[in-house]
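For reference, the structure is listed below as structure tokens.
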Amino acid sequence: MRRCIGCYESKPQSDLIRLTYNGNAFTADTDSRNEGRGIYLCRSKECIEKSFRRKAWNRICRSGVNNEEIMRAINEALNEY
């Protein structure tokens, strides 16, 4: 079970997309093997929007984030899952 950063609900890992943050960039992690902090997010548009409204990405990075880079990684993950 993993927790979505948008809705804060715990769900099976297979129901969520996984992104990683290695201190420099966000990447889609379809095989759960990338190094860095694992970030789980529901596939729904609502959860993606909530994660930005709640500033979850800033807490994860502990600094300002590039929303375009995050959306690129999310779209990449959604296309690969």
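Look at the alpha carbon pairs under 8 Å that are at least 6 residues apart: their mean separation over the length of the chain gives a relative contact order of 34 percent. With the whole protein complex present, GLU76 retains an accessible surface near 70 Å², based on a 1.4 Å probe. Shape verdict for the chain, please, from the Cα gyration tensor: rounded (a/c under 1.5), prolate (a/b greater than b/c) or oblate. Verdict is rounded for the chain.
If R0 is taken as 30 Å, the Cβ-Cβ distance between ALA25 and GLU49 corresponds to a FRET efficiency of 0.85. Only helical runs count toward this figure. For the chain, summing -39,500 (n - 2.57) over DSSP H runs of n ≥ 4 and dividing by all residues gives -10500 deg cm²/dmol at 222 nm. Taking Lys and Arg as +1 and Asp and Glu as -1, the other residues whose beta-carbon sits under 14 Å from that of ILE74 total -2. Using a 1.4 Å probe on the protein heavy atoms, what percent of the accessible area of the chain belongs to carbon and sulfur? So the carbon and sulfur contribution to the accessible surface is 42 percent. Modelled spin-label separation between ASN67 and GLN13, with each label point placed 7 Å from Cα along the Cα-to-Cβ direction: 3.2 nm.
The values are calculated or read from the model by the stated rules, or taken from the named source; none is laboratory data. Every value quoted in this text rests on a predicted model; they were computed, and no experiment measured them. Neighbour counts are summed over all protein chains in view; Cβ atoms, including those assigned to glycine, are modelled from backbone coordinates with ideal geometry. We work out accessible area using only protein heavy atoms, side chains counted, and drop any ligands, DNA or RNA first. Shrake-Rupley method; radii C 1.70, N 1.55, O 1.52, S 1.80 Å.
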